[in-house]
1. Please report, in Å, the Rg and the Dmax of the chain, where both are computed over Cα atoms only.
2. With 10 angstrom as the radius, rank K7, K59, K106 by how many other C-beta atoms surround their C-beta, starting from the fewest.
3. Say the dipole of the chain comes from +1 at the beta carbon of Lys and Arg and -1 at that of Asp and Glu; which of L53, S20, A30 then lies farthest toward its positive end?
4. Given R₀ = 25 Å, what would the calculated FRET efficiency be for D23 paired with S84, taking r from the Cβ atoms and rounding to 0.05?
5. Helix-only mean residue ellipticity at 222 nm, the chain, DSSP H runs n ≥ 4 weighted -39,500 (n - 2.57), per residue, nearest 500. What is it?
6. What distance in nm lies between label points placed 7 Å from Cα along the C-beta direction at A30 and R64?
7. Does region 74-121 come out rounded, prolate or oblate by the C-alpha gyration tensor, with a ≥ b ≥ c the root eigenvalues, rounded set by a/c under 1.5 and, if not, prolate when a/b is larger than b/c and oblate if not?
8. What's the angle, to the nearest 10 degrees (0 to 90), between helix 120-134's Cα axis and the longest principal axis of the chain?
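Only the coordinates and a few stated rules stand behind these numbers; no lab work does. Note that the structure is predicted; figures quoted are calculated from it, not measured. When we count neighbours, we look across all protein chains shown, and the Cβ atoms used for this are built from the backbone with ideal geometry, even at glycine.
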Amino acid sequence: MERILQKIGRINEHLETIRSIKDDCRMRFATDPVYRGALLHYLYLLSDSCIVLAELVIKHKGLRIPQSYAESFDILGDSHILDSEFAYRFASIAGFRNFLAHDYEKIDQEVICGQIMNSLDDVDQYLRQIGNALGLSGFVQIQKDGSSPKGEKCGRSAE
């Protein structure tokens, strides 16, 4: 359970970082290669961490082993850990992670600064549903600005 709590903490850190740099995304993404690289890196870390959390929960619950990253979310939906409709929709984060990892040069700033940045609340919902299913609601609270409460007890570790 400790690794699950650590991963939740890491996801909250990534969300907080991304939200802290999202202002003027379109302009900065187009003109500042350091900003673009940092944003894409944190989006990759966020999406990868969500996948790892799904895998950790699957292992913790003794569920069947997924054959793909996307299937991890299907398993959580089938097991009622995630709402099944949400799980099906959220599974697209696996494809996004793979896109960031392998097709970096084809990134569309409108997709990143529009659709993706406007979907960060889905990650909050993912954490809430995981937390509720595991009885960790107090550990995955999300503040209105999307960040985790200061002093929250979710642990940290080097990845």
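1. Both quantities, over Cα of the chain: 15.4, 47 Å.
2. Values: K7 24, K59 12, K106 7.
Result, fewest neighbours first: K106, K59, K7.
3. Going by the Cα projections, it comes out as L53.
4. Working: r = 35 Å, r/R0 = 1.40.
That pair, D23 with S84, gives E of 0.10.
5. It comes out at -20000 deg cm²/dmol, rounded to the nearest 500.
6. Simple spin-label model gives 4.8 nm for this pair.
7. On the way: a/c = 4.39, a/b = 1.91, b/c = 2.30.
Oblate, since a/c reaches 1.5 and b/c is not below a/b.
8. Between helix and principal axis, roughly 10 degrees.
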